[in-house]
Every structure is written in C-alpha cells, then in structure tokens.
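Asks: Here you go, one structure.
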Amino acid sequence: MITLDDVKNNEEVQALVQGAQKQLNELGYTEHSQRHVGIVSIRAGEILRELGYPEDRIMLAEIAGYLHDIGNCVNRKDHAHYGALLAYNILKDMGMDVTSRTEIMMAIGNHDEETGTAVSDISAALILADKSDVHRDRVTNKTMATFDKHDKVNYAVTDAKLVINKEERRITLDIQIDTELCPVIDYFEIFIDRTVMSKYAAKYLNVWFELVINGTKLL
Ligand SMILES: [Fe+2]
Ligand SMILES: [Fe+2]
C-alpha cells in the first residue's frame, strides 16, 4: 500500500510541488507551497477521521490533499484537471492500485470552484480542507501598497480554524478578520464561490457547514 510518506518522499512529487509554487510566485498568487498542501493534507484526513470514515479513505484523502495543487506547475487555469492527471500517473508509477488512484484523480480534478464539486467523500474532504486555508501567511507579496483583492483579504485574516463537531454533524469555519484592513463584505466578494462549494461538500458528508466571522454566524 502506498502511504502519504511515500508520496511526500517521491522526487517527482517534490519537484512538482516546488515548481507549482515557483510558477505561482511569478504570477503573484498566494502561497501554494508545502505549507499549504501539508495543511490541506492533514485537514482532509482529520475531517474524514472525525466523521468516522475508514482508515483507507483517510489515507487517500491525505494523499489527494498533498497532491491537489501540483497542476499549477502546468498552468493556473485548469490546474485541477492537469494535477489530477499528473497525480494519476505518478501514483500509477509508484504502484498504487487503479481504484485508489482513480479516486484521487477524481478528487483533485474536482477541487477548483470554477469547474468542480464534491463527487466523493475524499473529494468533499479535500474541498473543505482547501477552501478553509485562508490566512495572512499565504500572502507572498510583501508590499502592502501593491496588494490585490486576494492579498488584502488573505492578509486581513489573522486566524482561521476548521472545527468539526461529530455529534452535531457540523463543520464550522471560524475566521478572525482585522476589519481595519478589510471589511467583512470583501471576504464574501472574493470567497463566495468557495463558501458555496464548501457548503455542498459538507452536505455530501451529511454535515452542516457554518461560517463564523469575528464571532458572528453568517451562514
Ligand atoms: Fe487548487
Ligand atoms: Fe489549494
């Protein structure tokens, strides 16, 4: 069985994760490096673990989380689709069975809000984990005067926690925004599609999605 550690230690995976970040740096996007994919991997696994899914599904969600953004190495547009195909082939070369690598391909191929939606438990966990990683650490631009809207909103987020309540079947994204830097409405303007996608992903897992900003429940 291929483990998350096998994937992390794979040379090709390491080169693609680094390459994706390099390309996005050139384009001025927020951080998509080991930090982001590492967090998404852990969080996707945690979501399924907390909700009582079996260990093999958890491992696949963790692997999908780690590989989900490698398609940014090819092009930002359609990165979910390129990444899905890259991941499928790498996992095939590593000897992962066809059913498992197909599951991972499906999840990665559906993680972008422009073209995807939750199509499996793994895919739903990946979406929730990915869309909840909003934080000022992700802003790579160090010059505030040149911040674009995404930089501004991400920078204003001082804390973002994803809280899973198994008993109440509820997942809460609890965000703190510095409103001196950005009004709450700007968060919605940028992230409304991601929020709707997270809501559907939670529904797939049979849980309720809640968004709390600065202590106020907004969804
Ligand atoms: Fe992505
Ligand atoms: Fe991502």
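Read-outs: derived from the displayed coordinates by stated rules, not from any lab. Here the structure is a predicted model, which means the values were calculated and not measured. All Cβ positions, glycine included, derive from the backbone under ideal geometry; neighbour counts span all protein chains shown.
Asks: If packing is taken as the average number of other Cβ atoms within 10 Å across a peptide's residues, how do 67-79, 183-195 rank, most packed first?
Replies: Values: 67-79: 21.5, 183-195: 15.1.
Descending mean neighbour count gives 67-79, 183-195.
Asks: Taking square-rooted eigenvalues a ≥ b ≥ c of the alpha carbon gyration tensor, is region 128-194 rounded, prolate or oblate, where a/c under 1.5 means rounded and, failing that, a/b exceeding b/c means prolate? Write down the numbers at each step before the final one.
Replies: Numbers: a/c = 2.35, a/b = 2.15, b/c = 1.09.
Prolate, since a/c reaches 1.5 and a/b exceeds b/c.
Asks: Can you work out ³J(HN,Hα) from phi for every residue in region 162-174, in order, using Karplus 6.51 cos²θ - 1.76 cosθ + 1.60 and θ = phi - 60°, giving whole Hz and x for Gly and Pro?
Replies: Calculated HN-Hα couplings, in order: 10, 10, 9, 10, 5, 4, 8, 6, 9, 10, 10, 9, 10 Hz.
Asks: Measuring from label point to label point, each 7 Å out along Cα→Cβ, what is the residue 140 to residue 50 span in nm?
Replies: Placing both labels 7 Å beyond Cα along the Cβ direction yields 2.9 nm.
Asks: Using 7 Å Cα-to-Cβ label points, what is the residue 212/residue 180 separation (nm, one decimal)?
Replies: The two pseudo-label positions are separated by 2.4 nm.
Asks: Something else: Starting from the Cα of residue 149, draw a straight line to each of the lysines and keep only those under 30 Å, dropping any in the same chain fewer than 8 residues away.
Replies: 22, 77, 131, 161, 199, 203, 217
Asks: If you take every DSSP beta bridge fully contained in the chain, what fraction is antiparallel? Give it as a percent rounded to 5. Provide the component values of the computation, followed by the final result.
Replies: Details: 10 of 16 bridges.
Antiparallel bridges make up about 60 percent of those DSSP assigns within the chain.
Asks: Computed from the mean reciprocal separation of all distinct C-alpha pairs, what Kirkwood hydrodynamic radius does region 1-76 have, in Å? Mind dumping the intermediate values first?
Replies: Values: mean 1/r = 0.0784 Å⁻¹.
About 12.8 Å for region 1-76.
Asks: Turning to a different aspect of this structure: Å³ per residue of the Cα convex hull, for the chain? Provide the component values of the computation, followed by the final result.
Replies: On the way: hull volume 22.9 nm³, N = 219.
Here the figure is 104 Å³ per residue.
Asks: Relative contact order of the chain, please, whole-number percent, based on alpha carbon pairs below 8 angstrom and at least 6 residues apart. Walk me through the numbers before you get to the answer.
Replies: Numbers: 393 pairs, mean separation 38.0, N = 219.
Taking the mean separation of contacting Cα pairs over the length of the chain, I get 17 percent.
Asks: Please compute the length gained on full extension between residue 169 and residue 94, using 0.36 nm multiplied by the number of residues separating them and subtracting their Cα-Cα distance.
Replies: Using 0.36 nm per residue and subtracting the Cα-Cα distance, I get 23.4 nm.
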